[in-house]
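Peer 1: Got a structure for you, written out below as structure tokens; questions coming shortly.
The values are calculated or read from the model by the stated rules, or taken from the named source; none is laboratory data. Just so it is clear, the structure is predicted and the values come from calculations on it, not from any experiment. With ideal geometry, Cβ positions are generated from the backbone for all residues, glycine too; neighbour counts draw on all protein chains shown.
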Amino acid sequence: MHSRLIIDSLNDAQRAAVTAPDGNILVLAGAGSGKTRVLAHRIAWICRLEEASPYSVLAVTFTNKAAAEMRARVEALLEIASTGMWVGTFHGLSHRLLRTHWREAHLPQAFQILDSEDQYRLIRRVLKGLELDEAHWPPRQSQWFINARKDESLRAKDLDDQGDRVSWQMIRIYAAYEQACERAGLVDFAELLLRSLELFRHHPDLLAHYRNRFRYILVDEFQDTNTIQYDWLRLLASGHIPVFAVGDDDQSIYGWRGARVENIHRFSQDFTAAVIYRLEQNYRSTGTILAAANHLIEHNAGRLGKRLWTSDSEGEPIQLFAAYNEQDEARFVADQLREWIEQGRKLDKAAILYRSNAQSRILEEVLFAQSIPYRVYGGLRFFERAEIKDALAYLRLAAHQLDDPSFERIINLPPRGIGERTQSVLREYARDHGVTLWEAALELTKGGGLTSRAVNALKQFLTLMESITKAIEAMPLHEQVEKTIALSGLRAHYEREAGGKGPDRIENLDELVNAARGFNFNPSQHGDMDRLDAFLSHAALEAGEGQSESWEECVQLMTLHSAKGLEFHFVMLVGLEEGLFPHAMSLEQPGRLEEERRLCYVGITRARERLILSYAESRRHFGSVNYNPPSRFIREIPPEHLIEVRPQITLRPLVTRPQNKSDSPAKEGGLQVGQRVMHPGFGEGIVLDYEGQGRHARVQVRFDTEGSKWLVLEYAKLQRL
DNA sequence: GCGACATTGTTTTTT
DNA sequence: ACAATGTCGC
């Protein structure tokens with residue numbers, strides 16, 4: 001009936017994919033080709049034409065944001081609520097399964113979720129317990145090891161050290177960590193997936209139930225699946241449920257965290273009779289931008305092959321700017337933004353993309369100084385803030401006394417005289433008797449092994465926790481949170497805090513109460529958890545957007561990774577230097593360079609109409625100044641699509657410098673940064689920087705033919721031009 | 001328990 | 001450069 005409507009707005013390729021007959025389908029969807037649209041339309045198509053209920057649809061994404069968007073789009077298309085449909089992230093769906101089948105999964109009913117930071121802390125604890133020196137056994141490395149194994153669905157017992165001492169130790173750490181999680185009823189992110197895979201493996205009845213329930217599986221961003229996610233899909237679906245997977249091998253940028261592009265190649269083998277559709281028409285970018293992207297990505301080998309085209313016009317050429325240093329680059333960016341505004345365009349349609357977060361600082365400084373509003377993506381998210389995690393730890397411990405990590409987090413926060421000494425006695429007791437810290441504390445307050453002062457402090461803490469548990473028992477969620485923040489002394493603690501951060505923290509704690517008030521408890525999704533547990537899981541699983549602050553009219557700053565899936569009318573891709581982008585770390589490992597190139601491809605294809613690339617000849621990095629040649633990626637774009645913009649235009653008369661350099665030698669000598677000079681030996685060049693005073697003053701000059709040099713002003717006989 | 005100093009590790013990020 | 005820990009002395 002409405003099926004015509006649903007597919008009317010699609011192009012031929014999109015329509016072919018959306019209306020394809022049931023069966024395994026792989027849609028290779030290039031950047032800007034309407035991937036999300038196709039996915040949403042496919043779901044709507046299924047529900048309408050096949051008269052299938054949304055109840056039989058399972059749609060998997062990688063981020064909560066993508067899941068929310070998918071749900072919203074489907075609802076808009078179908079004009080009905082999508083209740084009953086399973087839409088979520090791999091982790092979210094696994095979590096849901098485990099909440100429902102916690103018995104079969106051998107989990108405590110109220111298991112809690114560890115985020116990466118919790119996991120890191122717990123691993124450090126475990127290392128201490130094993131009496132391993134952190135210097136020799138970096139916790140980060142153990143964390144990486146454990147997660148990488150879990151992502152391959154390997155448990156400690158499945159691993160073999162093959163006589164290698166390091167492996168042996170790592171496996172030992174892994175095993176001890178598993179035990180610690182077990183004892184405290186904790187599940188980390190990778191464990192959610194692994195447990196739910198095992199759940200299916202060990203319970204054919206359950207597997208059969210879900211195979212029967214779901215008649216359609218859809219997967220977004222298929223190129224980002226890792227081994228365990230792929231196995232999970234295959235186990236659930238293969239041979240039973242048709243899978244509709246959408247992905248783009250050219251946008252695979254998460255190999256470093258376990259994503260396997262090969263999964264996209266394997267699809268046809270493992271999911272029988274798979275039909276492949278290609279979406280190659282791009283609706284986003286101008287011809288020039290697309291041509292640049294196409295040429296760049298062709299330097300990668302082993303692609304599935306895809307060439308984006310557009311019916312759009314060529315558009316303006318891509319600008320390439322060579323900055324002297326990162327400051328100069330930032331000022332150029334600001335100038336370009338101003339120009340954009342002067343042309344009557346909106347600032348929030350513009351984005352500055354960079355390879356690494358550290359690059360945002362200088363950009364922020366300059367934008368701030370020039371009063372250009374900006375918004376930085378990434379960074380600490382709401383539920384990851386220390387004060388929020390403190391409050392959540394109180395809630396967790398109040399509800400579940402076995403939660404050791406939460407116990408450790410707050411036992412002496414705010415400080416209540418339970419120092420390192422007492423804590424280690426507690427830990428030792430807990431370890432020796434195989435009990436939780438809470439139980440250890442209970443025992444130890446009965447006397448023996450502790451000073452009376454410590455016993456008193458401990459008793460007070462236990463009493464406090466019990467009174468919190470009791471006080472919040474019958475409260476609505478937001479009051480539970482509010483009460484806990486108050487009773488725990490956290491509020492008072494942060495009110496007392498010196499150094500400016502206090503008010504922010506209080507504000508965040510208030511925000512947490514609000515979050516609890518607005519929390520949407522959905523019993524069907526949360527199994528038989530109570531409200532508080534559901535909220536706590538939500539906090540771990542959806543760390544919350546960066547700052548929910550002002551959305552309006554800000555230029556967007558973000559890393560290339562976080563830009564995936566977004567688009568902007570105006571994109572500035574900065575820091576295109578060898579060593580930074582491609583990143584030095586990626587040059588050693590084979591395959592990594594190609595991933596960097598894909599990252600660049602992602603960056604370019606974010607732009608709709610205007611694209612500017614820039615690099616700096618010198619850049620401060622880890623304290624020292626580096627001179628890196630322009631990125632190879634620039635050379636991989638055909639020159640006819642690029643025009644170089646000359647730096648002189650944007651150079652300010654004098655760089656703002658710290659006051660102590662105000663009477664700089666360069667100024668004395670009539671030189672300033674950006675000044676063109678002549679040297680008898682090296683020829684013409686331009687002043688990049690200066691340092692020192694009086695006799696020792698030196699200037700840095702980049703000569704047109706000789707490269708950059710530091711020259712002592714006294715001897716260098718520089719002539720202004 | 002707190003402030004002063006030292007050491008360390010700095011690609012990308014979600015869940 | 002710099003932030004985030006860790007250590008030490010009081």
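Listed here are the residues, each with its yes/no results for (1) in contact with a Ser or Thr (Cβ under 7 Å, 6 or more places away or on another chain); (2) within 13 Å of DNA strand C (Cβ to nearest atom).
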position	(1), (2)
A:Lys349	no, no
A:Arg361	no, yes
A:Phe383	no, no
A:Asp390	no, no
A:Ala398	yes, no
A:Leu402	yes, no
A:Arg409	no, yes
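Peer 1: Could you give me the residue pairs with C-beta distances under 7 Å whose first residue belongs to segment A:339-357 and is touching a residue at least 40 places away in the same chain (Cβ under 8 Å), whose second residue is in a helix (DSSP H, G or I) and within 16 Å of DNA strand C (Cβ to nearest atom) wherever it lies, and which are 6+ apart or on separate chains?
Peer 2: A:Ile352/A:Leu363; A:Tyr354/A:Ser360
Peer 1: From (1) modelled with pLDDT of 95 or more; (2) within 23 Å of A:Gly247 (Cβ to Cβ), pick out the condition that doesn't hold for A:Met85.
Peer 2: Every listed condition holds for A:Met85 apart from (1).
Peer 1: On the basis of being over 30 Å from A:Ala293 (Cα atoms) and among the acidic types (Asp, Glu), does A:Asp12 make the cut?
Peer 2: No; evaluated as a whole, the condition is false for this residue.
Peer 1: Determine whether A:Glu594 is surrounded by fewer than 23 Cβ atoms within 10 Å (Cβ to Cβ), within 30 Å of A:Ala293 (Cα to Cα), more than 18 Å from the chain's Cα centre (by Cα) and not basic (Lys, Arg).
Peer 2: When the stated conditions are applied, A:Glu594 passes them.
Peer 1: Further question: Of the residues A:Ala293, A:Ala301, A:Ala323, which is assigned to a strand (DSSP E or B) and of a type in the set (Gly, Ala, Ser)?
Peer 2: Just a single option satisfies the conditions, and that option is A:Ala323.
Peer 1: Can you name the helices (runs of 4 or more DSSP H) wholly within segment A:141-257 that have at least 3 residues being of a type outside the set (A, V, I, L, M) and within 16 Å of DNA strand B (Cβ to nearest atom)?
Peer 2: Answer list for segment A:141-257: A:189-202, A:227-237.
Peer 1: Please count how many residues of segment A:180-204 are at pLDDT 95 or above, surrounded by fewer than 17 Cβ atoms within 10 Å (Cβ to Cβ) and in contact with an Asp or Glu (Cβ under 9 Å, 6 or more places away or on another chain).
Peer 2: Total meeting the criteria: 2.
Peer 1: Hey, among A:Phe407, A:Phe332, A:Phe368, which residue is among the aromatic types (Phe, Trp, Tyr), out of contact with any His (no Cβ under 7 Å at 6 or more places or on another chain) and surrounded by fewer than 21 Cβ atoms within 10 Å (Cβ to Cβ)?
Peer 2: On inspection, the qualifying residue turns out to be A:Phe368.
Peer 1: A:Glu51 is checked against (1) at pLDDT 90 or above; (2) part of a loop (DSSP other than H, G, I, E, B) and fails just one. What number does that condition carry?
Peer 2: (1)
Peer 1: Cβ-Cβ distance below 8 Å, separation of 6 or more or different chains: which pairs start in segment A:370-383 with a residue that is within 15 Å of A:Ala540 (Cβ to Cβ) and end on one that is of a type in the set (A, V, I, L, M, F, W, C) and away from DNA strand C (no atom under 14 Å from the Cβ)?
Peer 2: A:Arg381/A:Ala543; A:Phe382/A:Ile388; A:Phe382/A:Ala515; A:Phe382/A:Ala543; A:Phe383/A:Leu392; A:Phe383/A:Ala539; A:Phe383/A:Ala540; A:Phe383/A:Ala543
Peer 1: Still on this structure, please answer the following. In segment A:573-597, how many are more than 12 Å from DNA strand B (Cβ to nearest atom), farther than 17 Å from A:Tyr254 by Cβ and part of a helix (DSSP H, G or I)?
Peer 2: 0
Peer 1: Taking segment A:607-625 as the search range and keeping residues that are within 16 Å of DNA strand B (Cβ to nearest atom) and surrounded by 15 or more Cβ atoms within 10 Å (Cβ to Cβ), which one is modelled with the lowest pLDDT?
Peer 2: A:His621
Peer 1: Consider segment A:304-320. How many of its residues are assigned to a loop (DSSP other than H, G, I, E, B), out of contact with any Asp or Glu (no Cβ under 9 Å at 6 or more places or on another chain) and in contact (Cβ under 8 Å) with a residue 60 or more places away in the chain?
Peer 2: 0
Peer 1: Would you be able to tell me the number of residues in segment A:628-655 that are in a loop (DSSP other than H, G, I, E, B), modelled with pLDDT of 55 or more, of a type outside the set (A, V, I, L, M) and surrounded by 12 or more Cβ atoms within 10 Å (Cβ to Cβ)?
Peer 2: Looking only at that region, the number is 5.
Peer 1: Further, regarding this structure: Determine which single condition A:Ile113 fails, assuming it passes every other condition in (1) surrounded by 15 or more Cβ atoms within 10 Å (Cβ to Cβ); (2) in a helix (DSSP H, G or I); (3) away from DNA strand C (no atom under 16 Å from the Cβ); (4) not basic (Lys, Arg).
Peer 2: With respect to (1) surrounded by 15 or more Cβ atoms within 10 Å (Cβ to Cβ); (2) in a helix (DSSP H, G or I); (3) away from DNA strand C (no atom under 16 Å from the Cβ); (4) not basic (Lys, Arg), A:Ile113 is out only on (2).
Peer 1: If we keep just the residues of segment A:468-509 that are small (Gly, Ala, Ser) and in contact with a helix residue (DSSP H, G or I) (Cβ under 7 Å, 6 or more places away or on another chain), which is farthest from A:Gln401 (Cα to Cα)?
Peer 2: Looking at the filtered set, the residue picked out is A:Gly502.
Peer 1: Can I ask one more? Looking at A:Val425, A:Val333 in this structure, which one is more than 16 Å from DNA strand C (Cβ to nearest atom) and over 30 Å from A:Ile604 (Cβ atoms)?
Peer 2: Result of the check over A:Val425, A:Val333: A:Val425.
Peer 1: A follow-up question, please. Quick one: count up the residues across segment A:566-581 that are among the aromatic types (Phe, Trp, Tyr) and closer than 22 Å to A:Lys35 by Cβ.
Peer 2: Summing the residues that are among the aromatic types (Phe, Trp, Tyr) and closer than 22 Å to A:Lys35 by Cβ in segment A:566-581 gives 1.
Peer 1: Since A:Arg427 meets every condition but one in (1) in a helix (DSSP H, G or I); (2) surrounded by 18 or more Cβ atoms within 10 Å (Cβ to Cβ), which condition does it not meet?
Peer 2: Condition not satisfied by A:Arg427: (2).
Peer 1: Please note which helices (runs of 4 or more DSSP H) are completely contained in segment A:441-540 and include at least 3 residues that are out of contact with any strand residue (DSSP E or B) (no Cβ under 9 Å at 6 or more places or on another chain) and at pLDDT 90 or above.
Peer 2: Output list reads A:452-472, A:477-487, A:501-517.
Peer 1: Right, another one. In segment A:54-69, which residues are over 23 Å from the mean Cα position of the chain (by Cα) and in a helix (DSSP H, G or I)?
Peer 2: Matches in segment A:54-69: A:Pro54, A:Tyr55, A:Ser56.
Peer 1: Out of all the residues in segment A:610-618, is one or more within 16 Å of DNA strand C (Cβ to nearest atom), assigned to a strand (DSSP E or B) and touching a residue at least 40 places away in the same chain (Cβ under 8 Å)?
Peer 2: Looking through segment A:610-618, at least one residue is within 16 Å of DNA strand C (Cβ to nearest atom), assigned to a strand (DSSP E or B) and touching a residue at least 40 places away in the same chain (Cβ under 8 Å).
Peer 1: Evaluate the following for A:Arg505: is it buried (at least 17 other Cβ atoms within 10 Å of the Cβ), in contact (Cβ under 8 Å) with a residue 12 or more places away in the chain and within 16 Å of DNA strand C (Cβ to nearest atom)?
Peer 2: Here the answer is yes, as A:Arg505 does meet what is asked.
Peer 1: Still on this model: With the condition kept exactly as written, say whether any residue in segment A:140-156 is more than 22 Å from A:Ser94 (Cα to Cα), within 24 Å of the chain's Cα centre (by Cα) and basic (Lys, Arg).
Peer 2: Scanning segment A:140-156 turns up at least one residue that is more than 22 Å from A:Ser94 (Cα to Cα), within 24 Å of the chain's Cα centre (by Cα) and basic (Lys, Arg).
Peer 1: If A:Ser33 satisfies all but one of (1) without any contact (Cβ under 8 Å) to a residue 40 or more places away in the chain; (2) outside any helix (DSSP H, G or I), what's the number of the condition it fails?
Peer 2: Here A:Ser33 meets the rest and fails (1).
Peer 1: Still on this structure, I have one more. Tally the residues that are more than 20 Å from A:Pro405 (Cβ to Cβ) and within 9 Å of DNA strand B (Cβ to nearest atom), restricting the search to segment A:372-391.
Peer 2: 3
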